[in-house]
Amino acid sequence: MVHYASLYPGARIVGVELDAENARLAQINTAGISDRATLLHAAIWPQDGTVGYSGGEAWGYRVDKSGDRNVDALSMRSLMKKCGLSTIDFLKVDIEGAEDDLFQGTLSWLAAVRSLAIEVHDDEALIARLITLLTARGFVAQRYSYLTEGLYGDTDAVQVSAEVKYQDGRQVRIQTTVRVMTVEEKSLAGVEAR
């Protein structure tokens, strides 16, 4: 949330975290932007209710019907209503394997989303389904596996190229080189990190 707040200083940022301890740490980390950041302790799910979750590491909790912990579940429509949102300029979906569940049904809420990024974990069939689903709704869907390969592979640079189609019909190709570097972690005074 802090990263997006720094990229978009005029934006209102909404985050959802399913684990109580992670939500507590996120509250601490977003204290400096609390005037425009809202954090909800919940899970995004196709319908409202309660869902179970599990996981061994704080970074890898996932919705699990037989999970040993429970959390309130919010549909995207309920999240938007709760936060007073009529549109979402950018939606980042990183819900650790629940993407297939979220992108089922009528998906009327997608009409309010202008752009989105979905992190999918090694599921080619799901990626193909999401690309089909999103392009049918007017989104431009692209895969960025080359960035993942650059981050985790044995290289210091990755060539990036993408087709861009403007609303007026013009098409251009943009290209750049992304340098891959290891950056030393620095702790922030007064901020608890995990």
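The fraction of Cα-Cα pairs per 5 angstrom bin, counted from 0 for the chain, comes to 1, 6, 12, 16, 18, 19, 15, 9, 4, 1, 0 percent, rounded to whole percents.
Which distance in Å, rounded to a whole number, links the C-alpha centroids of the stretch 59-125 and the stretch 1-24? Value for the Cα centre distance between the two parts: 15 Å.
Over the stretch 43-141, what is the relative contact order in whole percent, taking alpha-carbon pairs under 8 Å and six or more residues apart? Don't skip to the end; give the middle numbers.
On the way: 139 pairs, mean separation 24.2, N = 99.
Rounded, it is 24 percent for the stretch 43-141.
In plain terms, the chain is cut at each of the chymotrypsin sites (Phe, Trp or Tyr not before Pro) found in a DSSP loop with at most 15 other Cβ atoms within 10 Å, and the longest leftover piece is 1-89.
Counting pairwise Cα distances across the stretch 1-95, what percent come out greater than 21 angstrom?
On the way: 1474 of 4465 pairs.
When every Cα pair of the stretch 1-95 is considered, 33 percent fall beyond 21 Å.
Counting only protein heavy atoms and using a 1.4 Å probe, what share of the accessible area of the chain belongs to carbon plus sulfur, as a whole percent? That share works out to 49 percent.
Rg to Rh ratio, the stretch 40-154, alpha-carbon atoms and Kirkwood radius?
Working: Rg = 15.0 Å, Rh = 15.5 Å.
For the stretch 40-154, the value is 0.97.
Projecting the Cα atoms of I44, H121, A98 onto the charge dipole of the chain (Cβ charges, centred on the Cα centre) puts I44 farthest toward the positive pole.
Under a 1.4 Å probe, what is the accessible area of the chain per residue, stated in Å²?
Details: 12970 Å² over 194 residues.
Heavy-atom accessible area per residue stands at 67 Å².
For the chain, the dipole from Cβ point charges (+1 on Lys and Arg, -1 on Asp and Glu) about the Cα centre works out to 960 debye, to the nearest 20.
How large is Rg/Rh for the stretch 1-50, to two decimals, with Cα atoms and a Kirkwood Rh? Before the final figure, lay out each step's value.
Numbers: Rg = 11.6 Å, Rh = 11.5 Å.
Dividing the radius of gyration by the Kirkwood radius yields 1.01.
Within a straight-line Cα-Cα reach of under 16 Å, K65 can be paired with the following aspartates and glutamates, leaving aside sequence neighbours fewer than 8 residues apart in one chain: D19, D48, E96, E99, D100, D101.
The values are calculated or read from the model by the stated rules, or taken from the named source; none is laboratory data. All figures in this text were calculated on a predicted structure; none of them were measured in a lab. Glycine also receives a Cβ, built like all others from the backbone with ideal geometry; neighbour counts cover every protein chain displayed. Surface accessibility is based on the protein's heavy atoms, side chains included, excluding ligands, DNA and RNA. Shrake-Rupley method; radii C 1.70, N 1.55, O 1.52, S 1.80 Å.
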